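Just so it is clear, none of the values below were taken in a lab; they were calculated from the coordinates. Given the structure is predicted, the values throughout are model-derived calculations rather than measurements. Here the Cβ positions follow ideal geometry from the backbone for every residue, glycine too, while neighbour counts run over all protein chains shown.
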Amino acid sequence: METNLLQSARELMLQQTPPVMRIPYYQIDAFTSRTFGGNPAGVCLLDRWLPDRALQLIAAENNLSETAFLVRDNAEYRLRWFTPALEVDLCGHATLAPAYLLFTELGHPEPVIRFQTRSGLLSATRRNDLIELDFPSRPPTPCAAPEQLVRGLGCKPREVLKSRDYVAVLDTEIQVATLVPDFGALLQLDCLGIIVTGKGDDSDFVSRFFAPRAGVPEDPVTGSAHSTLIPFWADRLGKSELFARQVSRRGGELFCRQLGDRVAIGGHAVIYFRGEIEISDTNS
């Protein structure tokens, strides 16, 4: 009698336990050749799309500036990017990260990978030891400096421009590197992010990127910002090939080319973590 009761209890527990989904997960440091540098991106490999709420919960739990979600679609991949707070329309480091994973770990046989995204078709090409991203060019146009921008940066920029993001141009690399922003003021701006940039000491230009509205106070290395920075600095410096540094605490290096209405953004990457995310189907 006792054995039958125990068996019945176990069966009931199994019935009440929701099925578990295991998602292959990688964390990759992008735009760097060393671990603990660049920008860490989470990469989730999915067989099918989960509900948006589940994707957002995973990104919030990862608490990285971006988590990339990847679904294979014949010869291409569908790619989406989520910050801890929202989905974004373009992300560089979380495109470089899955491209690096596909090339180096998962045996992608061709030299080019194509991603379908909210910003249209993007590609990643293996060029010697670099992976080069093909992104849209988003040149900025001059605009007046909003009061919240000046207050948030604690200084008046030499120039202010805007594309998707505000661009604040300072005089020197040291000014960019030592800036201490007021995120409360920057949070009031009507944009996804704020790019601060200046000429580099041992690079063509440097930058930092702040996106408090996206739940990312400072992004370590921002590929999408270079869709705006490359056309700006290519025109300003009169050259189409540029080397850039993002002078955040972690730091990153970007090898850039201006290609008319497109830009090429090259970089290295390293894998930091391989594992699985385990969630119940009730969360999906």
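Observations
- For region 141-260: rounded, prolate or oblate by the Cα gyration tensor [a/c cutoff 1.5]: prolate
- With neighbours defined as other Cβ atoms within 10 Å of a residue's Cβ, the residues LYS156, LYS162, LYS199 order from fewest to most as LYS156, LYS199, LYS162.
- With Cα atoms defining each centre, region 150-177 and region 221-284 are spaced 19 Å apart in the structure.
- In plain terms, the residue of HIS268, HIS226 with the fewest other Cβ atoms within 10 Å comes first and the most crowded comes last, giving HIS268, HIS226.
- Against the chain, whose longest principal axis is taken from its Cα atoms, helix 93-104 shows a tilt of about 60°.
- For region 141-260, a simple Cβ point-charge model (Lys and Arg +1, Asp and Glu -1, everything else neutral) yields a dipole of about 120 debye relative to the Cα centre.
- Normalised contact order of the chain, rounded percent, pairs of Cα under 8 Å and 6 or more residues apart: 24
- Under Karplus coefficients 6.51, -1.76 and 1.60, residue-wise ³J(HN,Hα) of region 218-227 in Hz, glycine/proline x: 9, 8, x, 8, 10, x, 4, 4, 6, 5
- Using C-alpha pairs below 8 Å separated by at least 6 residues, the relative contact order for region 141-260 is 19 percent.
- Of all the options VAL247, VAL270, VAL71, the one that moves most in a Gaussian network model of the chain with Cα springs shorter than 10 angstrom is VAL71.
- Highest-first arrangement of 172-183, 132-143, where packing means the average Cβ count within 10 Å: 132-143, 172-183
- Each of PRO146, TRP81, VAL43 was placed along the dipole of region 27-181 (beta-carbon charges, centred on the mean Cα), and the one lying farthest toward the positive end is PRO146.
- Neighbourhood net charge (11 Å Cβ-Cβ; Lys/Arg +1, Asp/Glu -1) for GLY266: -2
- Estimated [θ] at 222 nm from DSSP helical runs (n ≥ 4, -39500 (n - 2.57)) normalised by residues in the chain, nearest 500: -7000 deg cm²/dmol
- Cut-off under 5 Å, modelled amide H: who pairs with GLU218 long-range: ALA211
- One entry in [x] 29, 25, 17; [y] 39, 22, 15; [z] 32, 23, 18 is semi-axes √(5λ) of the Cα gyration tensor in Å calculated from the shown coordinates; its label is [y].
- Only one residue of LEU189, SER123, PHE103 has its Cα farthest out toward the positive end of the dipole of the chain, where Lys and Arg carry +1 and Asp and Glu -1 on Cβ, and that residue is LEU189.
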